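Presented below is the structure to which this report refers.
The values are calculated or read from the model by the stated rules, or taken from the named source; none is laboratory data. Predicted, not measured: the structure shown is a model, and the values here were computed from it. So basically every Cβ, Gly included, is an ideal-geometry build from the backbone, and we count neighbours across all protein chains shown.
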There are 2 protein chains.
Amino acid sequence: MNVILLEPGDVNDEGHARLSGAAAAHARTVLRVAVGQTLRVGVVDGPLGLADVREVAADGVALHCAFERTVPERPRVDVLLALPRPKVMRRLWAQLAALGVGRIVLTSAARVERDYFDAHVVTPERYRPLLIEGLQQARDTRMPQVSVHRRFKVLIEDELDALCPPSVRLVADPAAARSPAETLAARAADRVLLAIGPEGGWTDFECDLLAAHGFERVGMGPRTLRTDTACVALLALVHGALR
Amino acid sequence: MNVILLEPGDVNDEGHARLSGAAAAHARTVLRVAVGQTLRVGVVDGPLGLADVREVAADGVALHCAFERTVPERPRVDVLLALPRPKVMRRLWAQLAALGVGRIVLTSAARVERDYFDAHVVTPERYRPLLIEGLQQARDTRMPQVSVHRRFKVLIEDELDALCPPSVRLVADPAAARSPAETLAARAADRVLLAIGPEGGWTDFECDLLAAHGFERVGMGPRTLRTDTACVALLALVHGALR
């Protein structure tokens, strides 16, 4: 953990905050914080800053925070992801937040099992702590916005433009000849929306619908990767191309 | 699994092979192979090919294979990795093999716990099946060569040149301004050796020793990533730059 993220309601106007519960236990037993120590802190969707430890007690850790004037820029990449099986999705949340994504759009697809949507891992109570873990790792405060869509066609045709306004749209395709870097080199892309299909791939119908809505195919060479590996690799390539 | 990898001794000169044990069980119950079906196969460190299923029995699956004339190229990237904790290393083996690495050099460092080297996950009996899993995912046959080194200084000063002959050497450093793509753009790199440090970073002594042995610092921007996420992201960037 490279920063401790606080919820906006945890900090008062004078910068006083109190860690309680799991956060306080982590600070005491893992970080072994002591009175007088300085910690890196941040507020979810707010600024980063530094905090003096004022008190370490069994029921909580009291901090006094001084925040930066600016809020970290929202990551410029959004992800449209065919919902992987729960075990893989569980591994992905923190990694997506650590790599930096503005929005995570989870969708069904012909080759996504329907019952994946009933898994606990797509409920905010489960994924929010994992997103926080990733943000704390990467020293960011910008919480990815998450939405879950059970109807692919409705999402692409009717909802996506409102969720992800005009931007460069890429879809990962192992057969595509052009890399994300080559595709983005010719553009002044402000934001990129990156679509990643299910383990078995998109169907022809889905590919056509994505193409009709502006998604350009990009590849990483002939190796087929597991969804979680592919997500991390593609996000690294797109972020690298945007820098 | 996108190819079934056979051990060299499993295939006779006429191309007959027999899956047994876990491989046969996987073929029967997960892939549901049937007599007459064609499967993608490969031989570890040998060629890829196709196999006809000749027999499916309780004690094994008989195949007749026809192999390509050429063996896949060895991946052009090697990894020098400060041994992460066992749980992270366990997750990494298959991903490294899937992304493609010629060699995996695991090393100690000041911020690597000594007992990580006693973990089962660094024994060939444990990691070889995970590497096979990654190769089968990526449809490759080239088994990464693995070596484990408990003395960092001896490795870098006395052993590394023999393990990884002259090549571009990069070391990941969150503070470095240049990306792998920028660093590799100016070179005709045949192979790249990529060093990735422990969660707490290399010490100054380790950084200096790496620099003295030709490692150039490369970064991915200000976000600090978990070792496994960083490995996947950096390998994707280096492979992308080499293509």
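Please determine whether any residue of the stretch A:222-232 is buried (at least 21 other Cβ atoms within 10 Å of the Cβ), modelled with pLDDT of 95 or more and over 24 Å from B:PRO75 (Cβ atoms).
No.
Report the residue count in the stretch A:179-206 for those that are surrounded by 15 or more Cβ atoms within 10 Å (Cβ to Cβ) and more than 29 Å from B:PRO75 (Cβ to Cβ).
Number satisfying all stated conditions: 5.
Tell me which residues, restricted to the stretch A:190-207, are more than 14 Å from chain B (Cβ to nearest Cβ) and touching a residue at least 60 places away in the same chain (Cβ under 8 Å).
Hits for the stretch A:190-207 are A:ASP190, A:ARG191, A:VAL192, A:LEU193, A:ALA195, A:GLY197, A:PRO198, A:TRP202, A:THR203, A:PHE205, A:GLU206.
Taking the stretch A:23-36 as the region of interest, how many residues are out of contact with any Leu (no Cβ under 7 Å at 6 or more places or on another chain), surrounded by 15 or more Cβ atoms within 10 Å (Cβ to Cβ) and more than 22 Å from A:ARG128 (Cα to Cα)?
1
Could you tell me how many of the residues in the stretch A:175-189 are closer than 17 Å to A:GLY100 by Cα and more than 14 Å from every other protein chain (Cβ to nearest Cβ)?
1
Taking the stretch A:208-238 only, how many residues are within 7 Å of chain B (Cβ to nearest Cβ) and part of a helix (DSSP H, G or I)?
5
Select, from A:ARG69, A:ARG126, the only residue that is surrounded by 15 or more Cβ atoms within 10 Å (Cβ to Cβ), under 30 Å from A:GLY15 (Cα atoms) and either in the same structural domain as A:LEU237 (by TED's automatic domain parsing) or without any contact (Cβ under 8 Å) to a residue 60 or more places away in the chain (or both). So that I can check it myself, show each step before the final result.
Details: A:ARG69 fails: surrounded by 15 or more Cβ atoms within 10 Å (Cβ to Cβ).
From the options A:ARG69, A:ARG126, the qualifying one is A:ARG126.
Given the criteria in contact (Cβ under 8 Å) with a residue 24 or more places away in the chain and more than 13 Å from chain B (Cβ to nearest Cβ), does A:ALA172 qualify? If you could, list the steps in order and put the result at the bottom.
Working: in contact (Cβ under 8 Å) with a residue 24 or more places away in the chain: yes; more than 13 Å from chain B (Cβ to nearest Cβ): no.
Criteria not met by A:ALA172.
Just for the stretch B:86-130: of the residues that are of a type in the set (Lys, Arg), more than 14 Å from chain A (Cβ to nearest Cβ) and touching a helix residue (DSSP H, G or I) at 6+ places or on another chain (Cβ under 8 Å), which one is farthest from B:TRP202 (Cα to Cα)? Spell out how you get there, then give the answer.
Start the filter on the stretch B:86-130 by keeping residues that are of a type in the set (Lys, Arg), which leaves B:87, B:90-91, B:103, B:111, B:114, B:126, B:128.
Checking which are more than 14 Å from chain A (Cβ to nearest Cβ) leaves us with B:103, B:111, B:114, B:126, B:128.
Imposing the further condition that a residue be touching a helix residue (DSSP H, G or I) at 6+ places or on another chain (Cβ under 8 Å) reduces the set to B:103, B:126.
Details: B:ARG103: 21, B:ARG126: 27 Å.
The residue in question is B:ARG126.
What number of residues within the stretch B:174-210 satisfy the criterion of being touching a strand residue (DSSP E or B) at 6+ places or on another chain (Cβ under 8 Å) and under 26 Å from B:TYR116 (Cα atoms)?
9
What's the number of the only condition in (1) part of a loop (DSSP other than H, G, I, E, B); (2) within 14 Å of chain B (Cβ to nearest Cβ) that A:GLU133 fails to meet?
Every condition holds for A:GLU133 apart from (1).
Within the stretch A:28-47, can you find the residues that are of a type in the set (Gly, Ala, Ser) and either within 10 Å of A:LEU63 (Cα to Cα) or under 24 Å from the mean Cα position of the chain (by Cα) (or both)?
A:GLY36, A:GLY42, A:GLY46
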